[in-house]
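Reviewing the structure listed below.
The values are calculated or read from the model by the stated rules, or taken from the named source; none is laboratory data. All figures in this text were calculated on a predicted structure; none of them were measured in a lab. Here Cβ is always computed from backbone atoms with ideal geometry, including for glycine, and neighbour counts include all displayed protein chains. Just so you know, the surface numbers come from the protein's heavy atoms only, side chains and all, with ligands and any DNA or RNA stripped out. Shrake-Rupley method; radii C 1.70, N 1.55, O 1.52, S 1.80 Å.
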Amino acid sequence: MLFNKLNFEVVKFCVNNESKPEISGVFFLPDKTVATDTFRLVEISTDAAVKVDDFPILPNKKTAMKSFKPFIISRKAVMEVAKMNPGNSKTLPILNYTAVSFVDDKTVEFINTDLETGDAKVCQKVDGKFPDYEMLFIKDAPVAEVEVNGNYMAEILTTLAKFNLLQSVKIKFYGKDKPVLFETSNENQKARAALMPLRNV
């Protein structure tokens, strides 16, 4: 399968603790990547618009696998694989993807190419089972659903999180077309913010 730089973004959410190997790396599945630190979990699907058959065959005949059994790769190894491909080719977008070319019981090989040369990295698989996380994504209808600008929300939360040691922020939802409100405080100060929802034009 093919993974782009967005798929590798999940590495930020791995637990940085080698005593928990099963969550100290990224969980690779044929159609997504997943990572967790037990407080946060992020899942990013692969790009549905690209086809494995479009990935070039490397000079050494290596190519992208169409499927594989899920595996976990350490945080450090995933960061190294991500550096192999900056994902900035504008002339041939397929070159912005990293492919899995080989998987066995102990190792995984990732490959990239610029058509002239190929780059490969063999990584050790983490021995462990990634948590069954599907239960976290509740299937019932949400109490409230609001679409907001992610960068604006991140800036508000980053600022308000500085107010106390727990970095706690209360978030209030009032409906689809209502502003999202944020509140926090410490012994001496209070802060609040409002973020307007995005509106469909």
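Ordering Val126, Val108 by accessible area with a probe of 1.4 Å, largest first, what comes out?
My answer, sorted largest first, is Val126, Val108.
Could you check which residue among Met79, Met135, Met65 shows the biggest mean-square fluctuation in a GNM of the chain with a 10 Å Cα cutoff?
Taking springs between Cα atoms under 10 Å, the residue moving most is Met135.
Would you tally the net charge around Glu183, using a Cβ to Cβ cut-off of less than 12 Å, leaving Glu183 out, and scoring K and R as +1, D and E as -1?
Overall, the nearby charge balance is +4.
Past 22 Å, Cα to Cα, is the threshold; run Lys76/Lys121; Lys12/Lys129; Lys5/Lys162; Lys66/Lys125 against it and keep the listed order.
Lys5/Lys162
Going by alpha carbons, how many degrees (0 to 90, nearest 10) lie between the helix axis of 150-160 and the longest principal axis of the chain?
Helix 150-160 sits at roughly 50 degrees to that axis.
Quick check for me: using +1 on Lys/Arg Cβ and -1 on Asp/Glu Cβ, what's the dipole size of region 92-163 about its Cα centre, in debye to the nearest 20?
260 debye
Hey, rough spin-label estimate for Thr117 and Glu9, points 7 angstrom out along Cα→Cβ, what's it come to in nanometres?
Rounded to a tenth, the inter-label distance reads 3.0 nm.
Going Cα to Cα from Lys61, which aspartates and glutamates come in below 17 Å? Please leave out same-chain ones fewer than 8 positions away.
Excluding near neighbours in sequence, the set is Asp53, Glu109, Asp114, Glu116, Asp119.
Please list 3J(HN,Hα) in residue order for region 97-107, calculated via the Karplus relation 6.51 cos²θ - 1.76 cosθ + 1.60 where θ = phi - 60°; whole Hz, with x for glycine and proline.
10, 10, 10, 8, 10, 7, 9, 10, 5, 10, 10
For Phe173, what residues show an amide H to amide H distance below 5 Å, using hydrogens built from the backbone and excluding near sequence neighbours?
none
Which residue, Ser19, Ser168, Ser101, tops the fluctuation ranking in a GNM of the chain built on C-alpha contacts under 10 Å?
Ser168
Among Arg40, Arg199, what's the order by accessible area (1.4 angstrom probe), most exposed first?
These residues rank, largest area first, as Arg199, Arg40.
Quick one: length gained pulling Asp37 to Ile171 fully straight, 0.36 nm per residue minus the C-alpha distance?
Residue separation times 0.36 nm, minus the Cα-Cα distance, leaves 46.1 nm.
Through the Karplus equation 6.51 cos²θ - 1.76 cosθ + 1.60, θ set to phi - 60°, convert the phi angles of region 56-73 into ³J(HN,Hα) values in whole Hz; use x for Gly and Pro.
Residue by residue, region 56-73 yields x, 7, 6, x, 8, 6, 6, 8, 6, 6, 7, 7, 6, 7, x, 8, 10, 10 Hz.
Tell me the GluC sites (Glu not before Pro) within region 64-116 that lie in a loop according to DSSP and have at most 16 other beta-carbon atoms within 10 Å.
Sparse-neighbourhood loop GluC sites (Glu not before Pro): Glu116.
Where Lys and Arg each count +1 and Asp and Glu each count -1, what net charge lies around Thr91 among other residues with Cβ under 15 Å from its Cβ?
-2
Normalised radius of gyration for region 138-201, please: alpha carbon Rg relative to 2.2 N^0.38 Å, two decimal places.
Normalised Rg, Cα atoms only: 1.23.
Keeping every protein chain present and rolling a 1.4 Å probe, give me the accessible area per residue for region 45-201 in Å².
Heavy-atom accessible area per residue stands at 73 Å².
Grab the DSSP H runs of the chain that are 4 residues or longer, score each as -39,500 (n - 2.57), total them, divide by all residues and round the 222 nm result to the nearest 500 deg cm²/dmol.
-3500 deg cm²/dmol
In whole angstrom, note down how far apart the Cα centers of region 144-185 and region 37-114 are.
34 Å
Sequence-distant or interchain residues sharing an amide H contact under 5 Å with Val50, placed H: which?
So Val50 has HN proximity to no qualifying residue.
Working from Cα positions, state the angle (0 to 90°, nearest 10) between the long axis of helix 75-84 and the longest principal axis of the chain.
70 degrees
First measure r as the distance between the Cβ atoms of Ala154 and Asn17, then evaluate 1/(1 + (r/R0)^6) with R0 = 30 Å and state the FRET efficiency to the nearest 0.05.
0.75
Remind me, relative contact order of region 8-155 in percent, using alpha carbon pairs under 8 angstrom and six or more residues apart?
It comes to 21 percent, rounded to a whole number.
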